[in-house]
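Please read the structure below before turning to the comments.
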Number of protein chains: 2
Amino acid sequence: MLGRCIGTHRVRQIKRSIRHGKITLLCLFMTVVVLRGTIGAGKFGTPEQDFNDLRDHLYAARKHGDPHRVLTESNQSNNNKNDEASNANDANSYATFDINKILVHEGVDEKPDPNRPYSLGPKISDWNQQREKWLSANPSLGNFIKPNKPRVLLVTGSSPKPCENPVGDHYLLKSIKNKIDYCRLHGIEIFYNMALLDAEMAGFWAKLPLIRKLLLSHPEVEFLWWMDSDAMFTDMAFEVPWERYKDSNFVMHGWNEMVYDEKNWIGLNTGSFLLRNCQWSLDLLDTWSPMGPKGKIRDEAGKVLTRELKNRPVFEADDQSAMVYLLATQRDKWGDKVYLENAYYLHGYWGILVDRYEEMIENYHPGLGDHRWPLVTHFVGCKPCGKFGDYSVERCLKQMDRAFNFGDNQILQIYGFTHKSLSSRRVRRVRNETTNPLEVKDEFGLLHPAFKAVKVSTTS
Amino acid sequence: MLGRCIGTHRVRQIKRSIRHGKITLLCLFMTVVVLRGTIGAGKFGTPEQDFNDLRDHLYAARKHGDPHRVLTESNQSNNNKNDEASNANDANSYATFDINKILVHEGVDEKPDPNRPYSLGPKISDWNQQREKWLSANPSLGNFIKPNKPRVLLVTGSSPKPCENPVGDHYLLKSIKNKIDYCRLHGIEIFYNMALLDAEMAGFWAKLPLIRKLLLSHPEVEFLWWMDSDAMFTDMAFEVPWERYKDSNFVMHGWNEMVYDEKNWIGLNTGSFLLRNCQWSLDLLDTWSPMGPKGKIRDEAGKVLTRELKNRPVFEADDQSAMVYLLATQRDKWGDKVYLENAYYLHGYWGILVDRYEEMIENYHPGLGDHRWPLVTHFVGCKPCGKFGDYSVERCLKQMDRAFNFGDNQILQIYGFTHKSLSSRRVRRVRNETTNPLEVKDEFGLLHPAFKAVKVSTTS
């Protein structure tokens, strides 16, 4: 009896165990399958791995010194021989001074020689002469395409690694498609960077070594246009008023009062700016860069910036705060060649623009570039590629789609199409096709914009 | 006794159930979490939804007729009035004949009027005259940048939706970065398409309506270069031998014997080709397109192609097979203006190239474009963006990284860097920086390639 009762129960238990086991195995299987899909082919590191990679890389560079460091030392002597180099050291003083204070005060262990602040490369003092010589020797690659139309290189980029948030890469793709369109219409070339040229300058600061390298490699380029990967062109018809900047070397969206009087850390934006290819710009980069090196220097410099600038949150030193601080503390040295533009949106903060696109379409037209039809909508703080943005990812992605479609409609109308709505990927026809396509005039004259036309020689 | 034995057993059973339940719930939780990550912010459809969207879209277009269809009808009369149009109908005969046979034989219900085969748009017969007139009226937008250097527009694109395989978008990003680099060096403009202009022509066939639209919108473009999103430039120095094609209108990688004698479906490749902007090309597109409409027509045409072509697997009609069939059946009509190139890799099949990159680096140099250093490496069948490729995704992604880095090393060396290995995203310095950057000569003369230089007018 006992045996029977145990027997029957054991049978029921075994059946139950098998039932539960089946569900458990099914779930495990699903998890494995889906995980596999998520991590892709398993060749890309998890965020943790990536972080460790970077940390190791940085540590190695510090410990053993990378070619860049060696180089800097090897050129130290030349610099000292060079009279003009001393000016550069002055130019660096705003940063070196603070950093030395920091290093002494905080007693940083893993530090570079305080007498030798971080350098982007060997000091060059005769760039204007070098470039002038090259330009006269290469007339076929003029730095002006037409009078008042400088040769411009738009520089942007993103991490060599896939985004931590998988959908982020799709938005990087849309963002570069958007830039390709604007640049094709306006005769601007594009350099898309995916390489980390200097591990010390990772993050916000990576643009500085890249920009210096490109200025020195492309004397034919008159203006370099830096644009963050999270900024999109929303006015495809607006041409930058180049002649307005004929006496300026550095153009950012911003306000003099906010930068020079308030020292407000958002008095200007470094997500979209124009930098002239000249000696002044190389000196500016040298002066701008010393707060960049990752680790103690960047962390401690961040404390100085948060203390000295208005409304700045507590975080490591960023290139934008450093620029506000640089201009506010050395206006006499740099101010006269810096143009803080606010007559149109060279950079436009998405928060105040994206909900007004329908109103703009209702009342205005492309080509204005300002609050009526912004040249650029910049998704500051969205970080669609990273995991942690300041805003909810959903809102950011939804609004990035709207910004992309708002700009893309101006491209599609050239060909007789438009998005079904600002939130739709689908397109519909807005013009019937004709047997005389060349008689069609597109609404905003973007098909063959006059400002793009360049007389080319038909002689070899 | 029985009660006791049952009681103790029930307790054990409940404990077991809870144990199993815990594991089951944990698994379910993990699955949900990971699935959420995979599908993104929940704003993008699952593959099933996407498929239904497309199906509904197609059905609607068929049932109610889209603006395109209306347009085609409205222009039918003009065509009949037009003498030259009759030639076009002849040109269509290869396809209309088969499709009519199919429609009659298979008794397709959801079919277009067999007397009116699918049309890309209203028949245009005087394009050469229209374009000539426009070009003489717009000398500043010449169709030749220099003698023997035509104005070229490279056209590529990808789906407006994020990839089903999340890592796919990262490879689309690398692929367009790679094209931006080659095109900047060679003075070629880029059009990146993300819109489905004609739902009926989704998939392989989407390029046809797009190409026609671009030819008619850009008379200044002499050659349109179509390139699939899964093809990458691996020789950044190779300039297309344009003068070789002065008497040709359509250039593809391929072999005459395989196409005209064998009717082999891989006798040519339509993943990378050059098409001249002229009347001949419009007629070719009209003749090429009728097998494209999704659904019964494409499915049934696929059976014809599999039956008529050598080694073709069973699947719906694709643009490549249709082109082989068109040329093989109408060589006299088209052959003299088609150039099947195999002296270099205008398209290069990845399977025979990617494992030889190290050997190429060892023995050869960029600029050759052929088996020694292929111009293009095309990842046929990889479909990194879709879920189902012919090859294991792991192998494809690994090799796409190698191809990208192989090409990217030629760009990086311009600036004094290189990838640490063909499989590494990291870069290292290969040249010390100098204070005379303009005296540096990059290894392959890509910094300021002569073939890019264009004399620009300095008069307004």
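The values are calculated or read from the model by the stated rules, or taken from the named source; none is laboratory data. The model shown is predicted, which means the values in this text are computed figures rather than measured ones. Cβ: placed from backbone, ideal geometry, glycine included. Neighbour counts: every protein chain shown. Areas reflect the complete protein model, heavy atoms only, side chains present, ligands, DNA and RNA absent. Shrake-Rupley method; radii C 1.70, N 1.55, O 1.52, S 1.80 Å.
Miscellaneous remarks
- Here the dipole of the stretch A:297-439 is about 360 debye; that uses its Cα centre as origin and unit charges on the Cβ of Lys and Arg (positive) and Asp and Glu (negative).
- Per the Kirkwood formula applied to alpha carbons, the stretch A:331-460 shows a radius of gyration over Rh ratio, Rg over Rh, of 1.07.
- Charged-residue dipole, Cβ positions (Lys, Arg, Asp, Glu), the stretch A:235-336 about Cα centre, Debye nearest 20: 340 debye
- Rounded accessible area of B:Tyr192 (nearest 10 Å², 1.4 Å probe): 10 Å²
- Estimated buried accessible area (total), pair B and A, 1.4 Å, Å² to nearest 100: 10100 Å²
- Inverse mean reciprocal Cα-Cα distance (Kirkwood Rh) of the stretch A:153-228, Å: 13.4 Å
- Residue-averaged beta-carbon neighbours from other chains (10 angstrom radius) around A:429-441: 6
- Per residue, the solvent-accessible area of the stretch B:333-449 (1.4 Å probe, heavy atoms of protein chains only, all protein chains present) comes to 43 Å².
- Relative contact order for the stretch A:282-389: 18 percent, from Cα pairs under 8 Å spaced at least 6 residues apart, divided by residue count.
- Accessible surface of the stretch B:239-331, 1.4 Å probe, proportion on carbon and sulfur as whole %: 49 percent
- Coarse-grained scattering of the stretch A:252-351 at q = 0.13, 0.14 Å⁻¹, given as base-10 log I(q)/I(0) from a Debye sum over alpha-carbon atoms: -0.44, -0.51
- Distances, shortest first, from the label point of B:Pro147 to those at the same position in the other copies read 3.0 nm; the point lies 7 Å along Cα to C-beta.
- Charge dipole of the stretch B:281-336 (Cα centre as origin; +1 on each Lys and Arg Cβ, -1 on each Asp and Glu Cβ, all else neutral): 260 debye, rounded to the nearest 20.
- Extreme residue, positive dipole direction of the stretch A:129-254, given options A:Trp226, A:Tyr171, A:Ile190 (C-beta unit charges): A:Ile190
- Per residue Cα convex hull volume in Å³ - calculated over the stretch B:187-230: 83 Å³
- Between the amide H of B:Ala231 and those of B:Phe379, distances stay under 5 Å, these residues lying 5 or more places away or on another chain, with hydrogens modeled in the peptide plane.
- Each copy carries a label point for A:Val430 at 7 Å from Cα toward Cβ; from one copy, the others' points are 4.7 nm away, ordered from shortest.
- The other copies place their B:Glu394 label points at 3.7 nm from this one, listed shortest first, where each point is 7 Å from Cα along Cα→Cβ.
- Largest-first ordering by accessible area, 1.4 Å probe, given options A:Lys303, A:Lys146: A:Lys303, A:Lys146
- Nearest-0.05 FRET efficiency for B:Arg372 and A:Leu135, computed from C-beta distance (R0 45 Å): 0.80
- Considering only A:Ser272, A:Gly302, A:Pro290, and ranking their Cα positions along the charge dipole of the stretch A:272-319 that arises from unit charges at the beta-carbon of Lys, Arg, Asp and Glu, the one farthest toward the positive end is A:Gly302.
- Shown in residue order for the stretch B:339-356 are the 3J(HN,Hα) couplings computed by the Karplus curve 6.51 cos²θ - 1.76 cosθ + 1.60 at θ = phi - 60°: 10, 8, 8, 9, 7, 8, 8, 4, 10, x, 5, 4, x, 9, 10, 4, 7, 9 Hz (x for Gly and Pro).
- Lys/Arg +1, Asp/Glu -1 at C-beta; the stretch A:355-441 dipole; positive extreme among A:His371, A:Gly386, A:Met400: A:Gly386
- Drop in accessible area of at least 40 Å² in the complex versus isolated chain, residues of the stretch A:165-179, 1.4 Å probe: A:Pro166, A:Val167, A:Asp169, A:His170, A:Leu173, A:Lys177
- Sorting A:Thr434, A:Thr377 by accessible area puts them as A:Thr434, A:Thr377; the probe is 1.4 Å, largest comes first, and only protein heavy atoms count.
- Chain-alone versus full-assembly comparison, the stretch A:197-226, residues with accessible loss of at least 20 Å² (1.4 Å probe): A:Leu197, A:Lys213, A:Leu216, A:Ser217, A:His218
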